[in-house]
Structures are given as structure tokens and as C-alpha cells.
Amino acid sequence: MSDSKRKFEHIKDKFAGGIKEVAGKVTGNEQLELKGKIQASKADIKKNFNVKDKIEEIKDGIAEKINDRIDESKKKNKKKK
């Protein structure tokens, strides 16, 4: 999922959760209020613990290190010739 889609989903979930929470408070519906709080909290948790982004960062770091080693090896081989 792209970064902009992820941000949109976060905003949408926070907004929808907030609406449910307020609607629950206004109508006295504690279940709806709780659902809203949970939805808004889940949005924050997803944002803070986006595992997919962390995995991509790790993969990029590994690929960068491998490429650096390959480049160093090529430079050393050229110097030996």
C-alpha cells in the first residue's frame, strides 16, 4: 500500500472512530462510543506499528549493504589487474 493510501486510511479510521464516539456520547449508546474509541485507537496502533514498512526498510538496508560489498569487490579486482 502506498504511503498516501496508508495516510488516507489512517485519517478515515480516526475520523470514523471519532464520529462513532461522539454519536455514542450524544445518544447515550455506550457500545457505539466504545466502538468509536476502539476504531480510532486501532488507527493509531496501525500507524505506529506498521510492520510492512519496517520489513521494507530492513530489506532495503540489506540490499544496500550487499550492493556496497559487490562494488568494493569489483574495485579490488580492478586494482589487482
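The values are calculated or read from the model by the stated rules, or taken from the named source; none is laboratory data. In this text, all values refer to a predicted model and were calculated from it rather than measured experimentally. Cβ coordinates were reconstructed from backbone atoms using ideal geometry, including for glycine residues, and neighbour counts include every protein chain displayed.
Please give the helices (runs of 4 or more DSSP H) falling wholly within the chain in which 1 or more residues are touching a Leu at 6+ places or on another chain (Cβ under 6 Å) and charged (D, E, K, R). Working first, answer last.
Values: elements: 3-27, 30-48, 51-80.
Ranges flagged: 3-27.
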Legend entry - Odd one out for Lys42 among (1) surrounded by 13 or more Cβ atoms within 10 Å (Cβ to Cβ); (2) among the charged types (D, E, K, R); (3) over 28 Å from the mean Cα position of the chain (by Cα): (3)
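Suppose we filter Ala40, Ala63 for residues that are within 22 Å of Glu9 (Cα to Cα) and at pLDDT 90 or above; which single one remains?
So the residue among Ala40, Ala63 that is within 22 Å of Glu9 (Cα to Cα) and at pLDDT 90 or above is Ala40.
Check region 12-21 and report whether any residue there is on the phi > 0 side of the Ramachandran plot and either among the aliphatic types (A, V, I, L, M) or surrounded by fewer than 13 Cβ atoms within 10 Å (Cβ to Cβ) (or both).
Of all residues in region 12-21, those on the phi > 0 side of the Ramachandran plot come to none.
No, there is no match, as no residue in region 12-21 is on the phi > 0 side of the Ramachandran plot and either among the aliphatic types (A, V, I, L, M) or surrounded by fewer than 13 Cβ atoms within 10 Å (Cβ to Cβ) (or both).
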